[in-house]
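Notes for the one structure printed next.
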Amino acid sequence: MTGEFEHRHGFPPGTNRVRLADHDDQRAARTLARVTPTPADLVTFYVSIGDVTWEDVGNGYFLDPAGDVLLQLQEYGVVDIDTDQKSSGLVIGSNGGGLIYVAGPGGVVYRTQTASLDEAELDKVADDLRQFLELLERSLTRFHADGDPGYL
């Protein structure tokens with residue numbers, strides 16, 4: 001994708017990477033598992049992957065490192081997923097357009113309808129983390145093919 005990026009868009013590519021987890025990331029993943037009902041597949045992901053930064057795929061896609069998820073949790077708490085406030089989730093990333101991704105109990109991934117978590121309205125985007133990652137991969141593939149990542 002980055003090989004022809006500058007020719008296509010007229011400016012050099014930014015950071016586009018999947019960073020492997022280091023010891024700090026793995027420690028943060030284990031802490032998440034202890035302090036919250038974090039979905040098992042998210043913990044497994046964070047033990048292997050430190051973060052995903054795709055600045056140049058559409059507006060961008062970002063999956064935060066486990067340490068940032070912990071900081072978000074400490075500073076702001078969990079995100080209410082339903083109107084009864086019986087289900088809550090963790091902020092795991094965002095797109096470059098300001099929409100926020102939230103992992104709920106059982107691994108369902110949601111996206112905010114606006115760039116705010118205050119009284120957030122969420123749309124389900126994937127049944128689990130695996131499906132969400134597959135959607136991200138499709139966005140990357142589509143962007144590489146025709147310059148349009150779709151709407152995730």
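The values are calculated or read from the model by the stated rules, or taken from the named source; none is laboratory data. In this text the structure is predicted, and so the values were computed from the model without any measurement. Reconstructed Cβ throughout: ideal geometry from the backbone, glycine too, with neighbour counts over all protein chains shown. Calculation scope for accessible area: heavy atoms of the full protein, side chains included, ligands and nucleic acids excluded. Shrake-Rupley method; radii C 1.70, N 1.55, O 1.52, S 1.80 Å.
If you take the residues in the range 42-59 that are more than 18 Å from Leu71 (Cβ to Cβ) and in contact with a Gly (Cβ under 8 Å, 6 or more places away or on another chain), which one is least open to solvent (accessible area, probe 1.4 Å)?
Asp56
List every residue pair whose Cβ atoms lie under 9 Å apart, where the two residues are 6 or more positions apart in sequence or sit on different chains, the first residue falls within the range 128-152 and is at negative phi, and the second residue, located anywhere, is surrounded by 13 or more Cβ atoms within 10 Å (Cβ to Cβ) and of a type in the set (Asp, Glu).
As it stands, the answer is Asp128/Asp41; Leu129/Asp41; Arg130/Asp41; Phe143/Asp56, since those pairs meet every condition given.
Each row is one residue, and each column tells you yes or no for (1) under 27 Å from Gly3 (Cβ atoms); (2) at pLDDT 95 or above; (3) in contact with a helix residue (DSSP H, G or I) (Cβ under 9 Å, 6 or more places away or on another chain); (4) surrounded by 15 or more Cβ atoms within 10 Å (Cβ to Cβ).
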{"position": "Thr83", "(1), (2), (3), (4)": "no, no, no, no"}
{"position": "Ser94", "(1), (2), (3), (4)": "yes, yes, no, yes"}
{"position": "Tyr101", "(1), (2), (3), (4)": "no, yes, yes, yes"}
{"position": "Ala126", "(1), (2), (3), (4)": "no, yes, yes, yes"}
{"position": "Leu140", "(1), (2), (3), (4)": "yes, no, no, yes"}
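Quick check: anything in the range 68-78 more than 21 Å from Asn16 (Cβ to Cβ), loosely packed, with under 13 Cβ neighbours inside 10 Å and of a type in the set (Asp, Glu)?
Yes, the range 68-78 contains at least one residue that is more than 21 Å from Asn16 (Cβ to Cβ), loosely packed, with under 13 Cβ neighbours inside 10 Å and of a type in the set (Asp, Glu).
Could you tell me which residue of the range 27-41 is surrounded by the fewest Cβ atoms within 10 Å (Cβ to Cβ), considering only residues that are of a type in the set (D, E, K, R) and out of contact with any Gly (no Cβ under 8 Å at 6 or more places or on another chain)?
Selected residue: Arg34.
Which condition number in (1) open to solvent by 20 Å² or more (accessible area, probe 1.4 Å); (2) assigned to a strand (DSSP E or B); (3) closer than 29 Å to Glu6 by Cβ; (4) in contact with a helix residue (DSSP H, G or I) (Cβ under 7 Å, 6 or more places away or on another chain) is the one that Phe62 fails?
(4)
Per-residue answers, yes or no, for (1) aliphatic (A, V, I, L, M); (2) at pLDDT below 95; (3) within 13 Å of the chain's Cα centre (by Cα):
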{"position": "Asn16", "(1), (2), (3)": "no, yes, no"}
{"position": "Leu20", "(1), (2), (3)": "yes, no, no"}
{"position": "Arg27", "(1), (2), (3)": "no, no, no"}
{"position": "Leu32", "(1), (2), (3)": "yes, yes, no"}
{"position": "Pro39", "(1), (2), (3)": "no, yes, no"}
{"position": "Phe45", "(1), (2), (3)": "no, no, yes"}
{"position": "Ile49", "(1), (2), (3)": "yes, no, yes"}
{"position": "Val52", "(1), (2), (3)": "yes, no, yes"}
{"position": "Asn59", "(1), (2), (3)": "no, yes, no"}
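Is it the case, given these coordinates, that Thr38 is over 20 Å from Glu137 (Cα atoms) and in a loop (DSSP other than H, G, I, E, B)?
yes
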